[in-house]
Amino acid sequence: MDETAFPGRLPERDRPWVMRTYAGHSSAAATNALFRRNLAKGQTGLSVAFDLPTQTGYDPDHELASGEVGRVGVPVAHLDDMRALFDGIPLAEMNTSMTINAPAMWLLALYAGVASEQDAELTRCAGTTQNDIIKEYLSRGTYIFPPAASLRLTADVVAYTLREMPRWNPVNICSYHLQEAGATPVQEVGFALATAVAVLDAVRDSGQVPAERTGDVVQRVSFFVNAGVRFVEEIAKMRAFGVLWDEITRERYGVTEARQRRFRYGVQVNSLGLTEAQPENNIQRIVLEMLGVTMSRDARARAVQLPAWNEALGLPRPWDQQWSLRMQQVLAYESDLLEYPDLFAGSHVMTALVDEIVTGARVELDKILELGGVIAAVETGYLKSALVASLAERRRRIESGADVVVGVNRYAETEPSPLTTAGADAVEQVDPAVEAAAVDRVRRWRADRDGAAVDAALARLRADAASTANLMPATLDCVRAGVTTGEWAGALRQVFGEYRAPTGLAGATGSGGDPGLAAVRERVTATARELGSGRLRLLVGKPGLDGHSNGAEQIAVRARDAGFEVVYQGIRLTAAQIVAAAVEEDVDLVGLSVLSGSHLAAVPAVLDGLRAAGRADLPVVVGGIIPAGDADTLRAAGVARVFTPKDFALTDIIDDLVTVIRSANDLP
C-alpha cells in the first residue's frame, strides 16, 4: 500500500512548531552555556527565564533581592549581562522569547543594544517579549507600577517595534498563569481577551499608530496559553480562542485581512498539575497536555515549551529539560500527526464544546467591559476575587475526591521512585556564591561607567515619563549610558509610583461543606478561649520577591473559614515588614510561603527578626517547594512545621496549625 496516497493525507508534511525549553539560572554565562547545549540538541528557539529581581526591577544588591538572585532565572542587571547571555548566539538568526513583563521595555532595549553590537539588523530580529502586565496583578505578582502606567509602557513598546522591529511580537497576552491561579477555560479565554482589548485600545488611543496600520498591530499580538491534562477540553478552548479573536479583531478594530486576524499562540503546558508525590506520573501528564495544543491543525501552537517532570521538586537539570525536548521531537518527527488536516473538523462533540466556551467567554468579556475594562476589573478586585474563588473550588474538588489526582488523592500506594532516590541531586542546585558574584559584578559595573552620562539618561527618562512621549528612545539612551535594571525601574517608580494589587480574599470561601472543618473550627474556638483571646490570629506572609501567592491565598481562605482572623498583606514583603506586622497585630502564628527556592535566606531572616523583637516564642511555619534536606535545616533553625505540595488537604493543614499554637502555648 502506498501510504502517501492515503485519502485525507496532506500533500506534504506540516512544518513542526518552534520547540523551546524555558531556561535561565545562576548567571548570564551559565545560562548561555545551557542555551548552546539545548540548541545543539535540536531546540529551535530560545525562551529566557529571568530571575525575580530582574522581573521586578531590582539590582542584585537590593535588600529585596537577597536570596533570590539567579534562583528562578538569569539575573540581568545591565548591558554587559545581556552580552554574556547571548554571547556567540546570532540574534538575527534566532527566535528569542523573553518572559518579562513590568520591565519588558528595558530588557528589549538591552536586547536591541546587543543586536546592534552584533551588526544584526533589528528588522531581521524575531522573537517575543511577554509584556502582559495584567496577569501579574492576578497571578504571578511581578508587577511594579500601577495598571495604567504599565499599560502605557506596553503601548510604547508596541508602537516602537512596529516601526523598528516588524518581526518582533511586542506583547504576548498570557492566559497561562490565569489557569494556574484557578481560571476555568471560560475565564481563561474571557479574561485574556479582555487584556488583549485593553492593549489594542491603549495603542489606538496613544495616537502613535495610524488607523490604517491597526491590522499590522493585531498580527504582531501573540498569546501564551496553558494546557491542562483535560486535553479534549483544551483543544476546544484553543479553537474557541481563535473564533473569538477573529470576531473581536474584525468587528471592534475593523481588520479585514484574515491573515492578520489569525490567532497566534505559544504554550507551556500546565505546571500547577505536576505533583511532588509520585513525580514520575508527571511524564504522562505533560505528554497529554502537549496533545491539547498540537492535535488540532487549525488551532495548533506556533511554539511549545514543556515543563520538566521534577518541577514540583525544584529547578530542573539540563537532563530533565532534554527529556521534555525529546517528548516534542518524538511527537513531531516519529508520529504521523503532522501528515493530516485538522482531525476535529466536522466533529459534533468538538463543535458543541467550542460553542459552549465561546458563549461563556463572551459573557465574561462583556462583563469586564461593562465594569470599564480590564484595568477597572483589576483595581476593583473583581478579577482576582473570581480567580481565588475558582481555585478554592478546584481545591475543594481535589480534597473531596471528586477530581482524581493519581498518586495524591487516589492510588497513593507507591514503590520508591528510582528517579528521586538521589534526594537533592534530583534537581539543579544554585550555588549561594552566585548571588555574591552578581552583587560584585553590578557594583563594579556602576564604578566603571560615566556617572554624568547615567545621570543625564535617567533625567531624560523621568522627564519623558512625566510627559506623553514614547519611553523607548529614553530607555535606549539609558542602555547606552550603562544604567542598571534597578536604576531604570527606580526612575519610573519616582514618576509612576508603586502599586499594591488587591488580594482577592474578600468574600472568597473554600470549605465547600468539608465535613472535617466543623471539628477544626471547634478546636480554633476552644484554643482561643483557653488563651483568653477573642479569636486566633494568623499572619500569612510572603517574604522576598516570590509573587506566586495562590497557595498562601488558599491557606488564608481556609483558615478564615475555620474561624481564624487572618492578617494577609499581599506579596513582596521584607523580613522587617513581616516581623512588624506580627508584633503590631499580636498574632498567634506566622505562616510564611516561599515558592522561589529562597527559603533558606528568607525564613531565617524572619526568625532572627522575631528574636530581635522579643517574640522568639511566636511559632513560625513554612510552606513551599522545599527539599527534604532544606526542611530539616529550617526545623533546626526553629520552624515548627514545613509543608510542601504533597500536603494538599487544606483542612488538615489548618488543624495542624492549631496544634502548633497549642504546643507553643503549652496547652494539651
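The values are calculated or read from the model by the stated rules, or taken from the named source; none is laboratory data. What you see is a predicted model, and the numbers here were worked out from it, not measured in a lab. Here Cβ is always computed from backbone atoms with ideal geometry, including for glycine, and neighbour counts include all displayed protein chains. Calculation scope for accessible area: heavy atoms of the full protein, side chains included, ligands and nucleic acids excluded. Shrake-Rupley method; radii C 1.70, N 1.55, O 1.52, S 1.80 Å.
Volume per residue of the convex hull around the Cα atoms, evaluated for the stretch 254-387, comes out as 182 Å³.
With the full set of protein chains in place, find how many percent of the accessible area of the stretch 252-334 is carbon and sulfur; take the probe as 1.4 Å.
Numbers: 1610 of 3070 Å².
C and S atoms contribute 53 percent here.
Along its first, second and third principal axes, ordered by size, the stretch 88-243 spans 46, 37, 31 Å in Cα coordinates. Label-to-label distance, Leu600 versus Ala664, with points set 7 angstrom from Cα along the beta-carbon direction: 2.5 nm.
Please report the net charge: other residues with Cβ closer than 13 Å to the Cβ of Ser467, K and R +1, D and E -1. Taking every Cβ under 13 Å from that of Ser467, the sum is +1. Evaluated with a Cβ-only charge set (Lys, Arg +1; Asp, Glu -1), the chain carries a dipole of roughly 700 debye about its Cα centre, given to the nearest 20. Let me make sure I get this right: for the stretch 578-661, a, b and c are the square roots of the gyration tensor eigenvalues over alpha carbons, sorted descending. Under 1.5 in a/c it's rounded, otherwise prolate if a/b > b/c, else oblate. Which is it? Oblate, because a/c is 1.5 or more while a/b does not exceed b/c. Across the alpha-carbon set of the stretch 181-287, the Rg to Rh ratio works out to 1.08, Rh being the Kirkwood radius. Grouping the Cα pair distances of the stretch 548-596 into 5 Å bins from zero gives a pair-distance distribution of 4, 18, 32, 26, 16, 3 percent in increasing distance order.
When restricted to Cα atoms, the stretch 596-640 yields an Rg and a Dmax of 10.3, 30 Å, respectively.
Rolling a 1.4 Å probe over the protein heavy atoms leaves Glu212 with an accessible area of roughly 150 Å². Annotation: per residue accessible area for the chain equals 38 Å², rounded to a whole number [probe 1.4 Å, protein chains only].
If you count Lys pairs in the chain whose Cα atoms are under 25 Å apart, skipping same-chain pairs closer than 8 places in sequence, the total is 9.
Between the alpha-carbon centres of the stretch 611-668 and the stretch 74-148 there is a gap of 39 Å.
Across all directions of projection, what mean area in square nanometres is found for the Cα convex hull of the stretch 356-476?
Over every viewing direction, the Cα hull of the stretch 356-476 projects on average to 15.8 nm².
In the stretch 1-141, the alpha-carbon atoms span a convex hull of 162 Å³ per residue.
For the stretch 44-136, the list of GluC sites (Glu not before Pro) that fall in a loop by DSSP and count at most 16 other C-beta atoms within 10 angstrom reads Glu121.
Among Lys41, Lys367, Lys135, the order of accessible area from largest down is Lys367, Lys41, Lys135, computed with a 1.4 Å probe on protein heavy atoms. Calculated FRET efficiency, Ala518 to Ala148, Cβ-Cβ distance, R0 = 41 Å: about 0.35 to the nearest 0.05.
Here the spin labels are modelled as points 7 Å beyond Cα on the Cα-Cβ line, and at Asp431 and Ala453 they lie 3.2 nm apart. The stretch 481-501 to the stretch 299-352: how many Å between their Cα centroids? Each part reduced to its Cα centre gives a spacing of 38 Å.
Atom-type composition of the exposed protein surface of the stretch 51-113 places 42 percent of the accessible area on carbon and sulfur (1.4 angstrom probe).
Sorted from greatest to least, the principal axis extents spanned by the alpha carbons of the stretch 514-667 come out as 36, 34, 27 Å. For the stretch 181-193, 3J(HN,Hα) computed residue by residue from phi via the Karplus equation (6.51, -1.76, 1.60; θ = phi - 60°) reads 8, x, 4, 6, x, 4, 5, 4, 5, x, 5, 5, 5 Hz, glycine and proline entered as x.
Equivalent ellipsoid of the stretch 513-581: semi-axes from √(5λ) of the C-alpha gyration tensor, largest first, are 25, 16, 6 Å. Projected over every direction and averaged, the convex hull enclosing the alpha-carbon atoms of the stretch 408-503 yields 12.0 nm².
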